[in-house]
Amino acid sequence: MNSRSHRKQAVVIGGSIAGLLAARVVADYFQSVLIIDRDDLSKNGEQRRSVPQGRHAHALLSGGQGAIENLLPGISRQLIDAGEKVTWGRLIFEPPWTFFRTYFVNLGFLDGVEGLAIANMAALYNFLKYAKVRFMSPGR
Ligand SMILES: Cc1cc2nc3c(=O)[nH]c(=O)nc-3n(C[C@H](O)[C@H](O)[C@H](O)COP(=O)(O)OP(=O)(O)OC[C@H]3O[C@@H](n4cnc5c(N)ncnc54)[C@H](O)[C@@H]3O)c2cc1C
């Protein structure tokens, strides 16, 4: 039941990922949604004082991607288009380079079998990550 007409305004405290998605959900039931955050959210893409984890690389698993896509249809395509390009060269050469860097440059070989396993996993992880992006944007 969508009874948006007589519910005037919802207030969401916090305008990061959870707050923005919560705002999207309640937007179906209120005439307007006010998001309050203690940071200045107008600076698009800049690091924010209240979200220090924003500096770290984040992985979005398929389940989360699907849930966000249900709320915001087309968001995956927008994110892919706004992100880095993955060329065939990068897909082919970057994983072996990751192995080389992890195992030799970063001295992983000193850790024996564990170092070899970590270098292999790092290379495989990079390959899967780039393959997924490449697969989702074949024309780029
Ligand atoms: C090192 C690291 C790596 C991570 N890697 C991953 C990953 O790979 N994949 C993954 O899914 N998750 C990862 N996470 C977890 C993920 O970062 C958090 O789960 C996610 O950022 C939480 O989002 P949130 O919107 O709930 O909170 P936050 O992003 O912390 O946002 C809270 C918001 O509320 C605002 N706020 C706080 N207090 C107030 C107040 N009193 N008044 C007004 N506004 C306020 C803040 O300004 C901020 O905008 C990682 C976390 C860390 C630390």
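Values quoted throughout were computed directly from the atomic coordinates according to the rules given, and no laboratory measurement underlies them. Fair warning: this is a prediction, and the values are worked out from it, not measured in the lab. So basically every Cβ, Gly included, is an ideal-geometry build from the backbone, and we count neighbours across all protein chains shown.
Stretched out straight at 0.36 nm per residue, the stretch from Q47 to L21 would grow longer than its current Cα-Cα span by 7.4 nm. Close amide H pairs (under 5 Å, H built 1.01 Å from N) link V12 with L34, I35, I36, residues at least 5 positions away or on another chain. Between H6 and F100, residue separation times 0.36 nm minus the direct Cα-Cα distance comes to 27.6 nm.
As a size descriptor, the averaged projected area of the C-alpha convex hull of region 73-140 was calculated at 5.1 nm². Between the residues V12, I118, Y103, the greatest Cα displacement towards the positive end of the dipole of the chain, with unit charges on the Cβ of Lys, Arg, Asp and Glu, is found for V12. Between I36 and M136, the contour length at 0.36 nm per residue exceeds the alpha carbon distance by 32.6 nm.
Would you report the distance distribution of C-alpha pairs in region 1-99 as whole percents per 10 angstrom bin, up to the bin with the largest distance? Result, from short to long distances: 12, 31, 34, 15, 6, 2 percent. Note on Y125 and Y29: their simple-model spin labels are 3.9 nm apart, each label 7 Å out from Cα toward Cβ. Spatially, region 40-78 and region 106-127 are offset by 29 Å when compared through their Cα centroids.
The convex hull around the C-alpha trace of region 2-43, projected and averaged over every direction, spans 2.9 square nanometres. Here the chain is treated with +1 on each Lys and Arg Cβ and -1 on each Asp and Glu Cβ, and its dipole about the Cα centre works out to around 400 debye. Using a cutoff of 8 angstrom between alpha carbon atoms and counting only pairs six or more residues apart, the relative contact order for the chain works out to 17 percent.
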